[in-house]
Amino acid sequence: MKLQEVFDSYKENIMPTYTKVPLVFVKGKGSRLWDIHNNKFLDFFPGWGVGNLGHCHPKVMSAVRDQISKLIFIPNNYYHIPQARLAKEIVYWSYPSKVFFCNSGAEANEGAIKFARKFGKGRYEIITFDNSFHGRTLAALSATGQRKYQNGFEPLVEGFKTVKFNDLEAVKGAITDKTVAIMLELIQGEGGVNVVKKDFILALRKICDEKKLLLIIDEVQTGIGRTGKLFCYQHYGITPDIMTLAKALGAGLPIGCMVVKKDIADTLTAGMHASTFGGGPVICKAALAVLKAVKKEKLLANAHKMGEYLFLLLSALQDRYEVIKEVRGLGLMAGVELNIEGKGIVEKCMQKGLLINCTHEKVLRLMPALNITKKEIDRAISILDEALR
Ligand SMILES: *Cc1c(COP(=O)(O)O)cnc(C)c1O
């Protein structure tokens with residue numbers, strides 16, 4: 001297909017649900033992408049947070065190839081080895097728990113919401129936060145604290161109360177005898193890279209313990225090393241009751257996972273929840289390869305170190321450009337809040353061969369692969385510098 005034929009087919013045949021960038025990609029390797037004209041791009045937002053290993057990590061590719069040649073799919077009423085192994089790894093690296101596999105972040109959050117309702121035995125209210133993002137399916141959308149995603153889809157699912165992020169009094173004021181859970185991202189990704197305050201999350205953990213509420217932490221974007229720890233909650237010395245994972249876990253193959261504390265995990269029993277494709281053999285082999293690469297290639301240490309370097313350079317830009325209001329984030333999850341709309345800057349970067357994102361209109365978001373190098377960061381920052389100028 002030629003470039004124009006691709007655009008035409010999308011226009012004719014695909015529902016226009018995405019704001020599109022006119023680039024057609026054909027190949028990726030590490031932090032590099034090539035388009036249909038063989039133009040090379042440096043990808044500082046690989047797969048919307050999916051590409052923590054960059055594109056086409058060789059260990060993931062060989063794991064997938066190996067599994068595909070043996071068994072592609074077996075339904076969840078049978079057993080298979082990759083799922084048994086992956087569950088064991090996730091539980092080992094997180095906290096005493098049991099997992100449920102599905103196919104996306106929204107689906108993992110739906111699972112957590114259903115779990116909370118079953119656990120609540122009549123208590124059903126879940127407290128969520130302004131500027132949160134939990135997915136596009138109806139309950140996850142109802143949990144999301146951003147009207148712009150909800151407009152036109154009412155009536156929303158009942159039982160969500162959205163309060164101000166990092167505001168403890170607001171949370172306390174929202175708790176009733178119907179409340180069963182508090183659900184949040186520790187760094188709000190789509191909401192503008194807003195980092196949770198340590199005192200706040202510690203206080204939420206305490207409130208949840210006292211009032212027997214579930215603390216549901218959505219690590220769909222922050223999980224799998226993004227912030228320099230395998231899971232973001234590990235920065236704060238707390239443990240969630242439920243954690244949800246997706247994006248980077250499968251290196252681009254679709255997987256979601258709900259991780260529930262062991263002593264309550266059997267709340268859902270046979271027949272109560274299911275997913276046809278959830279945790280299939282191919283995807284589990286991919287995810288096993290991801291976790292192995294994160295450990296073996298010391299990507300958490302690299303994310304931490306390169307994150308520090310990235311923030312150093314971003315702060316230096318902030319000193320030089322009035323237009324930068326704030327630089328924030330953790331590890332390799334960086335937000336650069338501007339005084340102006342970020343769209344133009346993103347476009348300029350793209351023209352110069354750097355792919356970044358802008359969220360919440362004014363926040364540039366940089367989330368390079370965890371194996372990013374100093375040289376690649378230098379290159380990205382120099383392009384961003386030119387774009388700002
Ligand atoms: C992307 C995202 C989701 C939704 O994940 P999908 O796989 O698109 O359904 C949910 N929560 C957070 C924090 C996300 O970043």
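For the range 3-58, give me each residue that is surrounded by fewer than 17 Cβ atoms within 10 Å (Cβ to Cβ), within 16 Å of the ligand (Cβ to nearest atom) and not in a loop (DSSP other than H, G, I, E, B).
The one that is surrounded by fewer than 17 Cβ atoms within 10 Å (Cβ to Cβ), within 16 Å of the ligand (Cβ to nearest atom) and not in a loop (DSSP other than H, G, I, E, B): W48.
Do we have any residue at all in the range 287-308 that's closer than 28 Å to P82 by Cα, in contact with a strand residue (DSSP E or B) (Cβ under 6 Å, 6 or more places away or on another chain) and not basic (K, R)? I'd like the intermediate steps shown before the answer.
In the first step, residues of the range 287-308 are kept if they are closer than 28 Å to P82 by Cα; the result is 287-303.
So of that shortlist, the ones also in contact with a strand residue (DSSP E or B) (Cβ under 6 Å, 6 or more places away or on another chain) come out as 290.
Still in the running and not basic (K, R): 290.
Yes, some residue in the range 287-308 is closer than 28 Å to P82 by Cα, in contact with a strand residue (DSSP E or B) (Cβ under 6 Å, 6 or more places away or on another chain) and not basic (K, R).
What are the residue pairs meeting all of these: first residue in the range 15-26, first residue closer than 21 Å to K2 by Cβ and in contact (Cβ under 8 Å) with a residue 24 or more places away in the chain, second residue in a strand (DSSP E or B) and charged (D, E, K, R), Cβ atoms under 7 Å, and 6 or more apart or on different chains?
From residues that are closer than 21 Å to K2 by Cβ and in contact (Cβ under 8 Å) with a residue 24 or more places away in the chain, the pairs are L23/D35.
Do we have any residue at all in the range 125-133 that's within 16 Å of the ligand (Cβ to nearest atom) and open to solvent by 60 Å² or more (accessible area, probe 1.4 Å)?
Taking every residue of the range 125-133 in turn, at least one turns out to be within 16 Å of the ligand (Cβ to nearest atom) and open to solvent by 60 Å² or more (accessible area, probe 1.4 Å).
Determine if the range 151-160 includes at least one residue that is under 19 Å from I238 (Cα atoms) and outside any strand (DSSP E or B).
Looking only at the range 151-160, we keep the residues that are under 19 Å from I238 (Cα atoms), and these are none.
No.
May I ask you to verify whether G173 is at pLDDT 95 or above and either surrounded by fewer than 20 Cβ atoms within 10 Å (Cβ to Cβ) or assigned to a strand (DSSP E or B) (or both)?
When the stated conditions are applied, G173 passes them.
Quick one: would you say I113 is β-branched (V, I, T) and within 14 Å of the ligand (Cβ to nearest atom)?
yes
Can you tell me which of (1) buried (at least 24 other Cβ atoms within 10 Å of the Cβ); (2) away from the ligand (no atom under 16 Å from the Cβ); (3) not aromatic (F, W, Y) is the one K197 doesn't meet?
Unmet for K197, out of (1) buried (at least 24 other Cβ atoms within 10 Å of the Cβ); (2) away from the ligand (no atom under 16 Å from the Cβ); (3) not aromatic (F, W, Y): (1).
Which one of these is on the phi > 0 side of the Ramachandran plot and away from the ligand (no atom under 14 Å from the Cβ): K298, K305?
Just one listed residue meets the conditions, K298.
Take K70 and tell me if it is away from the ligand (no atom under 16 Å from the Cβ), of a type outside the set (D, E) and either under 23 Å from P281 (Cβ atoms) or touching a His at 6+ places or on another chain (Cβ under 8 Å) (or both).
Yes, satisfied.
Just checking, how many residues over the range 344-371 are in contact with an Asp or Glu (Cβ under 7 Å, 6 or more places away or on another chain) and free of Cβ contacts under 8 Å to residues at least 24 places away in the same chain?
The total comes to 1.
Filter the range 214-229 down to residues that are away from the ligand (no atom under 16 Å from the Cβ) and part of a loop (DSSP other than H, G, I, E, B) and give me whichever is least open to solvent (accessible area, probe 1.4 Å).
Here the answer is G228.
The values are calculated or read from the model by the stated rules, or taken from the named source; none is laboratory data. Not measured: the values here are computed from a predicted model. Cβ sites come from the backbone with ideal geometry, for glycine too, and all protein chains shown count toward neighbours. Keep in mind that these areas ignore ligands, DNA and RNA; they rest on the heavy atoms of the full protein, side chains included. Shrake-Rupley method; radii C 1.70, N 1.55, O 1.52, S 1.80 Å.
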